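The values are calculated or read from the model by the stated rules, or taken from the named source; none is laboratory data. It should be emphasised that the depicted structure is a prediction, and the values quoted were computed from it without experimental measurement. Quick note on the areas: whole protein, heavy atoms, side chains included, nothing else; ligands and nucleic acids left out. Shrake-Rupley method; radii C 1.70, N 1.55, O 1.52, S 1.80 Å.
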Amino acid sequence: MRVSRKAEWPDWPPSPGVIARQPQLPRSFKRGPGNPLGARALFLGPTYRIHGTNQPQTIGNAVFTGCYRLTNADIIDLYGRVAVGTKIVVRQKPTL
């Protein structure tokens with residue numbers, strides 16, 4: 001995949017699949033510290049994102065479909081070093 005878009009404190013409308021699993025969620029989260037996408041997001045096409053989080057205890061766990069969460073400090077650092085168009089490879093296990 002390639003980074004298709006970058007956003008600071010992005011809004012987040014949960015997808016229909018997320019709403020089906022968690023119907024109590026608001027239909028939209030506005031930008032800011034209460035937003036689950038955190039401080040920054042790197043969009044990988046229409047479906048996937050690498051983003052921060054307002055719940056750092058969830059990092060490393062499958063919470064929603066299609067996202068990779070980092071601490072807000074880590075995504076701010078990565079955001080500043082990655083340009084739109086950068087190739088992203090996600091691996092399940094590190095290669096030796």
Quiz item: Tell me, what is the percent relative contact order of the chain, built from C-alpha pairs under 8 Å that lie six or more residues apart?
Solution: 31
Quiz item: Given only helices, namely DSSP H runs of n ≥ 4 each adding -39500 (n - 2.57), what is the per-residue ellipticity at 222 nm of the chain, to the nearest 500 deg cm²/dmol?
Solution: -4500 deg cm²/dmol
Quiz item: Where both residues lie in the chain, what percent of DSSP beta bridges are antiparallel, nearest 5?
Solution: 75
Self-check item: Folded to 0 to 90 degrees: helix 72-81 orientation relative to the chain principal axis, Cα
Solution: 50
Quiz item: Based on the inverse mean of 1/r over its pairs of different Cα atoms, what is the Kirkwood hydrodynamic radius of the chain, in Å?
Solution: 13.8
Quiz item: For T86 and I59 in one chain, what is 0.36 nm times their gap in residues minus the Cα-Cα distance, to one decimal in nm?
Solution: 7.4 nm
Quiz prompt | Per residue, in Å², the accessible surface of the chain once ligands and nucleic acids are set aside, probe 1.4 Å | solution = 65
Quiz item: For the chain, which whole-number percentage of the solvent-accessible area (1.4 Å probe, protein heavy atoms only) is attributable to carbon and sulfur atoms?
Solution: 56
Exercise. Collect residues whose amide H, placed 1.01 Å from N in the peptide plane, falls under 5 Å from the amide H of T86; neighbours closer than 5 in sequence don't count.
Key: V3
